[in-house]
Each structure stands twice: as structure tokens, then as C-alpha cells.
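First the structure, in the form of C-alpha cells, and then the observations on it.
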Amino acid sequence: MAYKAKNLSIGKARTQGAKTNTLSSLNDAIKSQSDFNQGLKDMDKNKKSRMSVDRNLQGLLALSQYKDFNKQLSMDEYERYKTRFMGLVDKEGSNDYTFPTFDDFYESRAIGTIGGVEYTPADTSIDDRDLPINKLNLLLGE
């Protein structure tokens, strides 16, 4: 009987040791799963952060392209304004005029003057022949 009791206590000890090893392995697996989930959360956060940075870079690129496009449009407007303004100077025969450089026109919207009178781009684009009253006067021969 003592033999059976000895074997029984050895079996119980082995079972207890296996149970402890299994619980330890289970706890390690749970911790590993928790670390894995935290890694996934960090990776998702980094992905969102990178996407935000990419969107900001795309916005800056678009803004830069828009600024270049806007400057080109302003250059075209400046050239039309300069052509019409110089035509107006020739028409009036005045030597007392000032006309802004492109940078002044683009950055501060400076305008040209003839004899102290300012002429905006809109002022120089009006043709007297296009006004309705002047069309009527042309028809009447006045």
C-alpha cells in the first residue's frame, strides 16, 4: 500500500507541475495576444498619421501649383493691362504717366496713372464704341 501511496503522490505532483506549466503557457499566450493587439493599434495609428501627412503634402503641392497658376494668370492680365494702358497713353499723347512693374502689380495690385489720374485694368478695358449710348451716337452720325 505504501507503494501505491508513493506512486499516487508522485502522480499528483506531476499533474500539479503539468497544470502549473499549462497555466504559465496560457498566461504567456494571453500576454502575447495583448502585445500583438497593442502592436496592431500602434500600426493603425501610424498608418493614420502617415495618411494625414500625405494629405497635407498633397495639399501643399496643390497650393504651390495653384500659386504658380495664379501668378501665370496675373502675368497674362498684366500684359493685357500694359498693352491697353500704353494704347491709352499713345491715344492721349501724354508723357506724364507711371506704370507698375509686374511684382508691384501682382503683390500689391498697384495701378498706372496718366497725368495723376489712376487707371485700373477695368478702366482700360472699356472701349467707348462698346457702350450703348456711343453705339447709338455712331448710328446717328454724331
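The values are calculated or read from the model by the stated rules, or taken from the named source; none is laboratory data. Keep in mind that what you see is a predicted model, and the values were worked out from it rather than measured. All Cβ positions, glycine included, derive from the backbone under ideal geometry; neighbour counts span all protein chains shown.
Condition (residue is modelled with pLDDT of 80 or more and in contact with a Pro (Cβ under 6 Å, 6 or more places away or on another chain)) applied to the range 111-133: is it met by at least one residue? No, the range 111-133 has no match at all.
Here residue 33 qualifies as of a type outside the set (A, V, I, L, M, F, W, C), on the phi < 0 side of the Ramachandran plot and either modelled with pLDDT of 85 or more or touching an Asp or Glu at 6+ places or on another chain (Cβ under 8 Å) (or both).
Within the range 95-105, the only residue that satisfies the criterion of being among the aromatic types (Phe, Trp, Tyr) and surrounded by fewer than 17 Cβ atoms within 10 Å (Cβ to Cβ) is 102.
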